[in-house]
1. Filter the range 1-15 down to the residues that are of a type in the set (Val, Ile, Thr) and farther than 15 Å from Ser67 by Cα, then identify the one that is surrounded by the fewest Cβ atoms within 10 Å (Cβ to Cβ).
2. Name the pairs whose Cβ atoms lie under 9 Å apart, with the first residue in the range 92-112 and in contact (Cβ under 8 Å) with a residue 12 or more places away in the chain and under 17 Å from Ser56 (Cα atoms), the second assigned to a loop (DSSP other than H, G, I, E, B) and open to solvent by 40 Å² or more (accessible area, probe 1.4 Å), and 6 or more positions between them or separate chains?
3. Restricting the search to the range 16-56, which residues are surrounded by 13 or more Cβ atoms within 10 Å (Cβ to Cβ) and outside any helix (DSSP H, G or I)?
4. Check whether at least one residue in the range 123-141 is assigned to a helix (DSSP H, G or I), surrounded by 13 or more Cβ atoms within 10 Å (Cβ to Cβ) and of a type in the set (Lys, Arg), and report yes or no.
5. Take the residues in the range 191-204 that are more than 15 Å from Leu168 (Cα to Cα) and open to solvent by less than 80 Å² (accessible area, probe 1.4 Å); name whichever of them is modelled with the highest pLDDT.
6. Just checking, how many residues over the range 1-15 are outside any helix (DSSP H, G or I) and at pLDDT 95 or above?
7. Would you mind stating whether Lys207 is touching a Phe, Trp or Tyr at 6+ places or on another chain (Cβ under 9 Å), modelled with pLDDT under 90 and part of a helix (DSSP H, G or I)?
8. Mind checking which residues of the range 57-86 are part of a helix (DSSP H, G or I), of a type outside the set (A, V, I, L, M, F, W, C) and open to solvent by 80 Å² or more (accessible area, probe 1.4 Å)?
Amino acid sequence: MILLVKLILAHIIGDFILQPLSWVEEKKRKKLKSPKLYFHIAIHFTLLFLVLYDLSLWPIIVFIGVSHFVIDAIKLSFQKEETKRFWFFLDQILHLTAIIMAILLFTKCHFNIQDYLTEHNLLLMTCVLFLTQPVSIIMKVIFSKWNIEELTKDNQSLKDAGKYIGILERLMVFVFIITNHWEAVGFLITAKSVFRFGDLKESKHRKLTEYILIGTLISFGIAIMVGFIFQNLAL
């Protein structure tokens, strides 16, 4: 585990802290012809040597360093302005995968997925996944009896912002419940009420107010219920 932490630490420092925005922009323009790409890879090699400080682990250093170059090269070659968000997340996932592969290939660490597919972990995964898109769809069906677009047509907002806010708040409530931090649930409800108060006051729209209150109560209620179910079944 400590080896994995060290390698992730080196990646975070090299990819985020020691990589100026100017380097990122130059790499986008010049792609594989950018000297900053090779400086970036050299920094990663140096960091890997520093955090491991063990020459017997040189295969890990070489594997991660070379794979980092290959992944970055592929990203720079195929990334476009409209797909940069997709490539950012794919790039980070591939780097993390390369780190895990290096540990599995060049150490005596053996990964057996059956060790992690325990009843507790499967239940946790099921609860977390249920609180994301499935609950969003359930709430959409519940509110289908009302014309929500008519209520919110004058209130500009980011696309799908409400869905993502709902998912995040349900996951937070779930975590607070299973860790027995009920006070945090109250704080979250209070914080959301404060942020929403201005919108409700300005709109002076009773139907919109009722819609927001019903949505909040259903969202929090489902998260609390799922938290209770998890606590009782995970005993």
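1. Filtering the range 1-15 for residues of a type in the set (Val, Ile, Thr) gives 2, 5, 8, 12-13.
Narrowing further to those that are farther than 15 Å from Ser67 by Cα: 2, 5, 12-13.
Numbers: Ile2: 6, Val5: 10, Ile12: 12, Ile13: 16.
Ranking the candidates gives Ile2 first.
2. Ile103/Cys109; Ile103/Phe111
3. Within the range 16-56, Leu18, Gln19, Ser34 meet the criteria.
4. Within the range 123-141 (the criterion being assigned to a helix (DSSP H, G or I), surrounded by 13 or more Cβ atoms within 10 Å (Cβ to Cβ) and of a type in the set (Lys, Arg)), the answer is no, since none of the residues qualifies.
5. First, pick out the residues of the range 191-204 that are more than 15 Å from Leu168 (Cα to Cα): 193-204.
If we keep only those that are open to solvent by less than 80 Å² (accessible area, probe 1.4 Å) as well, we get 193, 198-200, 203.
Working: Ser193: 72, Gly198: 57, Asp199: 57, Leu200: 56, Ser203: 50.
Applying the filter and picking the extreme gives Ser193.
6. 0
7. It is true that Lys207 is touching a Phe, Trp or Tyr at 6+ places or on another chain (Cβ under 9 Å), modelled with pLDDT under 90 and part of a helix (DSSP H, G or I).
8. Residues satisfying the conditions are Glu81, Glu82, Lys84, Arg85.
The values are calculated or read from the model by the stated rules, or taken from the named source; none is laboratory data. Note that the coordinates shown come from a computational prediction; the quantities given were computed from them, not determined experimentally. Using ideal geometry, Cβ is built from the backbone for each residue, glycine included, and neighbour counts are taken over all protein chains shown. Accessible surface areas use protein heavy atoms only, side chains included; no ligands, DNA or RNA. Shrake-Rupley method; radii C 1.70, N 1.55, O 1.52, S 1.80 Å.
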